[in-house]
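Please read the structure below before turning to the comments.
The values are calculated or read from the model by the stated rules, or taken from the named source; none is laboratory data. Note that the coordinates shown come from a computational prediction; the quantities given were computed from them, not determined experimentally. Positions of Cβ are backbone-derived with ideal geometry, glycine not excepted, and every protein chain shown enters the neighbour counts.
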Amino acid sequence: MKLLFLNGPNLNMLGIREPDIYGRQTYADLENYIRDFCGELGIDCEIVQSNHEGTLVDAIQAAYGKMDGIVINPAAYTHTSVALLDALKAVMLPAVEVHLSDVSKREDFRQISYVRLACCRTVAGYGFEGYRLAAEHLLSLEKQ
Ligand code: CA2
């Protein structure tokens, strides 16, 4: 199984500020964590981070016909981006939305998620482990 792991704006700053919300581990640690569990689960992974909405749209489109699913943490674009929602709908790949923090317990403006409308599951509040839970869910769908 081939999965695209897509991370949105400012996730490259992990570990630098707001450790109380996002932890002390860095974005490089997150990439290593993803590569490690993908190795264990036999998943072929591609990991992309961008601070630019259009680049994230391009990455979703590039997954069409190439990947079997998408794990996406759109970061702040979660709450604003119809473009990411449309891109996910266009490629029709199974997608899981991931958030490091439990967005349901945060500010009102984080209660809206556009991408959720194109995702089969949301995993929020489990830190790095959420990415593994998302990948395991997509694996379980493939085995059905
Ligand atoms: O909890 C998550 O994973 C979020 O997607 C993270 C986003 C936030 O806008 C979403 O509402 C929830 C923020 C990404 C990283 O932000 C940082 C800010 C300062 C220092 C390090 C990371």
Picking from 42, 54, the residue that is at positive phi and out of contact with any strand residue (DSSP E or B) (no Cβ under 7 Å at 6 or more places or on another chain) would be 42
Exercise for review: Examine the stretch 102-113 for a residue that is within 15 Å of the ligand (Cβ to nearest atom), at pLDDT 95 or above, closer than 17 Å to residue 14 by Cβ and part of a strand (DSSP E or B), and state whether such a residue exists.
Suggested key: no
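Conditions tested, residue by residue: (1) within 17 Å of the chain's Cα centre (by Cα); (2) under 21 Å from residue 59 (Cβ atoms).
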| position | (1), (2) |
| --- | --- |
| 9 | yes, yes |
| 18 | no, no |
| 22 | yes, no |
| 34 | yes, yes |
| 45 | yes, yes |
Scanning the stretch 63-78 for residues that are surrounded by fewer than 17 Cβ atoms within 10 Å (Cβ to Cβ) and farther than 21 Å from residue 141 by Cβ gives 76
In the stretch 120-144, residues that are in contact (Cβ under 8 Å) with a residue 40 or more places away in the chain and touching a helix residue (DSSP H, G or I) at 6+ places or on another chain (Cβ under 9 Å) total 7
